[in-house]
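Trainee: One structure, as structure tokens, below. Some questions next.
The values are calculated or read from the model by the stated rules, or taken from the named source; none is laboratory data. Bear in mind the structure is a predicted one, so any value in this text is a computation, not a measurement. All Cβ positions, glycine included, derive from the backbone under ideal geometry; neighbour counts span all protein chains shown. What goes into the accessible areas is simple: the full protein's heavy atoms, side chains included, and nothing from ligands, DNA or RNA. Shrake-Rupley method; radii C 1.70, N 1.55, O 1.52, S 1.80 Å.
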Amino acid sequence: MTKKSVEIKLQNGLEARPVAVLVQVASKYDSRIYLESKGKKVNAKSIMGMMGLGLDNGETVTVTAEGQDETRAVEDIELFLNGALA
């Protein structure tokens, strides 16, 4: 299992379009990927779950992945949340 705390650096946070892109990024991987914030843990491949988190710019989330490609999955999610893939 790979786990990392990541600060969201997207100007408008995770609104509809960025959530859709994040779900696409997560869906490229076979690993189970979760984002956790404010006591909620959701599947990063679920658009409805991700929308339910309501994450804003500057908030910190914990990204967890488990599977064969977990390290790369966490790295790509971090890049996206930092604005490098947006």
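Trainee: Applying the selection to region 52-81, what residues are assigned to a helix (DSSP H, G or I), open to solvent by 70 Å² or more (accessible area, probe 1.4 Å) and in contact (Cβ under 8 Å) with a residue 40 or more places away in the chain?
Mentor: Answer for region 52-81, where residues must be assigned to a helix (DSSP H, G or I), open to solvent by 70 Å² or more (accessible area, probe 1.4 Å) and in contact (Cβ under 8 Å) with a residue 40 or more places away in the chain: THR71, ARG72.
Trainee: Separate question: Looking at region 13-31 only, could you name the residues that are touching a residue at least 40 places away in the same chain (Cβ under 8 Å) and open to solvent by less than 70 Å² (accessible area, probe 1.4 Å)?
Mentor: The answer is GLY13, LEU14, PRO18, VAL21, LEU22, VAL25, ALA26, TYR29, SER31.
Trainee: Is at least one residue of region 31-45 aromatic (Phe, Trp, Tyr), modelled with pLDDT of 95 or more and over 20 Å from GLN11 (Cα atoms)?
Mentor: yes
Trainee: May I ask you to say which residue of LEU35, LEU85, LEU14, LEU79 is in contact with a Ser or Thr (Cβ under 8 Å, 6 or more places away or on another chain) and hydrophobic (A, V, I, L, M, F, W, C)?
Mentor: LEU35
Trainee: What pairs come up if the first residue lies in region 32-51 and is open to solvent by 90 Å² or more (accessible area, probe 1.4 Å), the second is acidic (Asp, Glu), and their beta carbons are under 7 Å apart, counting only those six or more places apart or on different chains?
Mentor: Pairs found: ARG32/GLU66.
Trainee: Something else: What number of residues in region 1-17 are modelled with pLDDT of 95 or more, within 11 Å of the chain's Cα centre (by Cα) and either of a type outside the set (D, E, K, R) or not in a strand (DSSP E or B) (or both)?
Mentor: So the count comes out to 3.
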